[in-house]
Amino acid sequence: MKAILRFLFALSSLVVALPATAALNVFACEPEWTALAQELGGDKVSIYSATTALQDPHRIEARPSLIARIRSADLLICSGSELEIGWIPLLLTQSGNSKIQLGSPGYFEASQHVARLEIPKVIDRALGDMHPGGNPHVHTDPRNIARIAPALMERMSELDPANAESYRSRGRSFLERWQAAIARWEQQATPLKGVPVVVYHKDFSYFINWTGMREVGSLEPKPGIPPTPSHLAELIDQMKRAPAKVIVYSPYSNPQAAEFLSSRANIPAVMVPFTVGGTDKAKDLFGLFDDTIARLLGAVK
Amino acid sequence: MHRKATVTLAVAAAFGLPHAATAQTQDELRTLREQVRQLDRRVTDAEQAAIQASSRPTGENAMNPAVSVILNGIYSNLSQDPNAFRINGFVPTLGEVGPGVRGLSLGESELALAANIDHNFRGTLIASISPEDSIGVEEGYIQTLSLSYGFTVKAGRFFSGVGYQNQIHAHAWDFTDAPLANKVFLGSQLNEDGIQLKWVAPTDTYFDVGVEVGRGRQFPAAAGPAGPRNKNGVSSGTLFAHVGGDLGTGTAWQTGVSYLGTSPQDRSFEDPAGKTNSFTGQSRLWVLDGILKWAPNYNPTYTNLKLQGEYFRRKEDGDLTSGAAAQTGGFASVQSGWYLQSVYQFVPMWRVGYRYDRLNSGTASFSAPLNAADFPILAAYNPTRHTVMADWSPSEFSRVRLQFASDKSRSDVTDKQVFLQYIVSLGAHGAHKF
């Protein structure tokens, strides 16, 4: 017993002695927040991206490597609104890290800083996997990024006051470029207004709301429930009566159902990057929207 | 308004009245600017209000703890009488090791409550309601949130960190029942009253070490009417360490070693002959465990594979009192066992799995005046079991499973077992350990 305590003590003193490699260790739940933290933090932060664009952020294993990374994080950035409820609470209790627990300054939920869509009036599991706080995929509207960026910038400055000036000036520069880009995208996306679209999962609602597209159906019969043959048959019928112009799906969802509907209803199916890294061109947040709009315009032409 | 101004401008330009137009339009422009400013303010206010309205604190269920209920029911078809179940070659643990009852039955229902108590602690209570109408505390513990440097302390009753499978709740098991090794070495599942200290290293590769001290309320520290030892201090101790990480673009792994040391006193067990024997001495258990999970790009939604195995080795030595001969003598044994199981999700919702169990009873040594013949249950025998299962999970909250097993726990017969089971969870969204 004594030997164990001595061993633990020796290990813990080792920890204290470890040099900090960067001022702020960031654990980003999704790639869009990795990209945003990178824009604001530059070389003042070291960011670990917990997931990639090829993973469904609803269903992530609380892998040992994630526990190892969250243990040393100073700042946790997640979408929130119950998106990560299947894995983040577990990582938090296993982390042994008080800095990033719920309610600490190191806990940042992006969706808390924007107006959320699709807040359910009725909450019942019979309606599928629900998010009582509203749709969590807020990053698909660039105006939301513009609202989240200042809040994140302030949070980073609070946690790392020594570099606050750097975060703020980088933040201002980013927002300037971002607002200009939004104006450009809105111009480019004009033809998308009113275009009827079928989605795979309700992860594209903010983009649809921003561009004025019209969601007419989803491949999932209910949120979080994979497409079923009977539901696809219904969709095909519906498309015969009132055809959509495009079917969108994300890199993490299986393209089969989208391609099936596409071939039967003769409507183009488009994989949109959904988040940073989802396609080769979506290298950063700017590329994400450039490529998304370009792909959709290509399909509805 | 805007259009009117434009028209005025156009008309002014067309009629070549620059002076009059300038005066008039500047006036109008000023009014317009003021109106735009006011509009802008109203839009900003409305946006702020919308954000306020849509953001609610995302605590678990506002102030109430997160509540969830697990229900499960089972149909069992057993070729051998479950009342005569025993695992030959091993000391009976008095835990729930049998295959349950025949026919239709309700499984154990679970009620779980969990919440952050304050900024320092999190509390969890998991009550199990048995189909025989009794309520037990499966887990009831507090856990620290505010310790730093990777430390976490747990206190109360919790599933011991010995091995891998032991910490997983029955509803999250990949098979209907526990591996044979868990049954004979840990009485199916060891939940200890005690304290656990765990430390996670600040390395990119996952590494943890932990220590538990406990009351020894269950097998192997205690079993039978004598119950836990009546003493101050500690009756059981556990040490464990795990390493884990990622491999390539879709494989996650973890391996661990753990040790459970106890000194049972008058730990009793009944031989099939009906005589009660008791053991006093030292019991040391070593466990090696490994788990590997694969999913393409770490996205387990469509397909994934899980491989899990554990090896147990236990050394016991001390005094054994024979109920049949009413004599006490020296006893020593080295026993081991392992299992390896794999579960594969080949399409969304559907999984299949196979498990192989094997135990090695070794040869117990008895010193005079004891005689091996006085302990027929401990006669050397190596039980084995093959299990296959298929399950269907239409959502994250429900699962239906069909399982077949050929169980050679008993030295004289093979039990052909069929289980058809449903497991569902209601309420708060669960999060399952790796």
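The values are calculated or read from the model by the stated rules, or taken from the named source; none is laboratory data. The shown structure was predicted, so the numbers you read here are calculated from the model rather than taken from an experiment. Note that we place each Cβ from the backbone using ideal geometry, even for glycine, and neighbour counts take in every protein chain shown.
Just a few scattered comments:
- Some residue of the stretch A:269-283 being farther than 30 Å from A:Phe174 by Cβ and either of a type outside the set (Phe, Trp, Tyr) or buried (at least 23 other Cβ atoms within 10 Å of the Cβ) (or both): yes
- Any hit, the stretch B:309-326, residues being within 30 Å of A:Ala50 (Cα to Cα) and crowded, with 16+ Cβ neighbours inside 10 Å: yes
- Among (1) in a strand (DSSP E or B); (2) modelled with pLDDT under 95; (3) within 26 Å of the chain's Cα centre (by Cα) - the single one B:Trp338 does not satisfy: (2)
- B:Leu260 being outside any loop (DSSP other than H, G, I, E, B) and crowded, with 17+ Cβ neighbours inside 10 Å: yes
- Residues that are touching a residue at least 60 places away in the same chain (Cβ under 8 Å) number at least 1 in the following helices (runs of 4 or more DSSP H) confined to the stretch A:209-301: A:255-265, A:285-300.
- The condition (being modelled with pLDDT under 95, of a type in the set (Ser, Thr, Tyr) and not in a loop (DSSP other than H, G, I, E, B)) is satisfied by just one residue among B:Thr249, B:Thr328, B:Thr255: B:Thr328.
- Taking strands (runs of 3 or more DSSP E) as the structural unit, those lying wholly within the stretch B:98-204 and holding at least 2 residues that are under 22 Å from A:Ser98 (Cα atoms) correspond to B:109-116, B:121-129, B:135-144, B:151-159, B:191-200.
- Test: residue in the stretch B:367-375 that is surrounded by 14 or more Cβ atoms within 10 Å (Cβ to Cβ), among the charged types (D, E, K, R) and either over 30 Å from A:Ala68 (Cβ atoms) or within 14 Å of another protein chain (Cβ to nearest Cβ) (or both): yes
Per-residue answers, yes or no, for (1) at pLDDT below 80; (2) more than 30 Å from B:Gln335 (Cα to Cα); (3) touching a strand residue (DSSP E or B) at 6+ places or on another chain (Cβ under 8 Å):
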position: B:Ser54; (1), (2), (3): yes, yes, no
position: B:Met63; (1), (2), (3): yes, yes, no
position: B:Leu78; (1), (2), (3): no, no, yes
position: B:Asp81; (1), (2), (3): no, no, no
position: B:Leu104; (1), (2), (3): no, yes, yes
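- Checking the stretch A:89-96 against the condition returns a match, with at least one residue being more than 20 Å from A:Asp141 (Cα to Cα), within 18 Å of the chain's Cα centre (by Cα) and within 7 Å of chain B (Cβ to nearest Cβ).
- Within the stretch B:400-434, tally of residues that are within 21 Å of the chain's Cα centre (by Cα), of a type in the set (Lys, Arg) and away from every other protein chain (no Cβ under 14 Å): 1
- Breaking point among (1) crowded, with 20+ Cβ neighbours inside 10 Å; (2) modelled with pLDDT of 90 or more; (3) within 30 Å of B:Ala368 (Cα to Cα), for B:Ile291: (3)
- Some residue of the stretch B:151-166 being β-branched (Val, Ile, Thr), surrounded by fewer than 19 Cβ atoms within 10 Å (Cβ to Cβ) and within 12 Å of the chain's Cα centre (by Cα): no
- In the stretch A:219-263, residue farthest from the chain's Cα centre (by Cα) [restricted to those that are surrounded by 15 or more Cβ atoms within 10 Å (Cβ to Cβ) and charged (D, E, K, R)]: A:Lys245
- Any chance A:Gln94 is outside any loop (DSSP other than H, G, I, E, B), buried (at least 22 other Cβ atoms within 10 Å of the Cβ) and free of Cβ contacts under 8 Å to residues at least 40 places away in the same chain: yes
- With respect to the conditions (1) within 14 Å of chain A (Cβ to nearest Cβ); (2) over 30 Å from B:Gly244 (Cα atoms), B:Ile291 lacks only one, and its number is (2).
- Top-ranked residue in the stretch B:214-246 [being in a loop (DSSP other than H, G, I, E, B) and within 13 Å of chain A (Cβ to nearest Cβ); ranked as modelled with the highest pLDDT]: B:Val234
- Residue among A:Lys245, A:Lys240, A:Lys222 that is among the basic types (Lys, Arg) and within 11 Å of chain B (Cβ to nearest Cβ): A:Lys222
- Qualifying positions in the stretch B:300-316 - touching a residue at least 40 places away in the same chain (Cβ under 8 Å) and under 28 Å from A:His58 (Cα atoms): B:Pro300, B:Thr301, B:Tyr302, B:Thr303, B:Asn304, B:Leu305, B:Lys306, B:Gln308
- Members of the stretch A:97-108 that are within 7 Å of chain B (Cβ to nearest Cβ) and buried (at least 22 other Cβ atoms within 10 Å of the Cβ): A:Asn97
- Test set (1) in contact (Cβ under 8 Å) with a residue 40 or more places away in the chain; (2) not in a strand (DSSP E or B) - B:Gly274 fails condition number: (1)
- Qualifying residue in the stretch A:64-76 (condition: in contact with a His (Cβ under 9 Å, 6 or more places away or on another chain), outside the structural domain of A:Pro223 (by TED's automatic domain parsing) and either of a type in the set (D, E, K, R) or surrounded by 22 or more Cβ atoms within 10 Å (Cβ to Cβ) (or both)): yes
- Screening B:Ser188, B:Ser235 for residues that are buried (at least 20 other Cβ atoms within 10 Å of the Cβ) and within 15 Å of the chain's Cα centre (by Cα) leaves exactly one candidate, B:Ser188.
- Test: residue in the stretch B:364-386 that is hydroxyl-bearing (Ser, Thr, Tyr) and within 30 Å of A:Arg63 (Cβ to Cβ): no
- Verdict on B:Ile129 being touching a Ser or Thr at 6+ places or on another chain (Cβ under 9 Å), among the β-branched types (Val, Ile, Thr), more than 14 Å from chain A (Cβ to nearest Cβ) and within 20 Å of B:Gly430 (Cβ to Cβ): yes
- Hey, B:Phe207 part of a strand (DSSP E or B), among the aromatic types (Phe, Trp, Tyr), without any contact (Cβ under 8 Å) to a residue 40 or more places away in the chain and in the same structural domain as B:Arg314 (by TED's automatic domain parsing) or not: yes
- The residue list B:Gly89, B:Gly123 contains one member that is touching a strand residue (DSSP E or B) at 6+ places or on another chain (Cβ under 8 Å) and surrounded by fewer than 18 Cβ atoms within 10 Å (Cβ to Cβ), which is B:Gly123.
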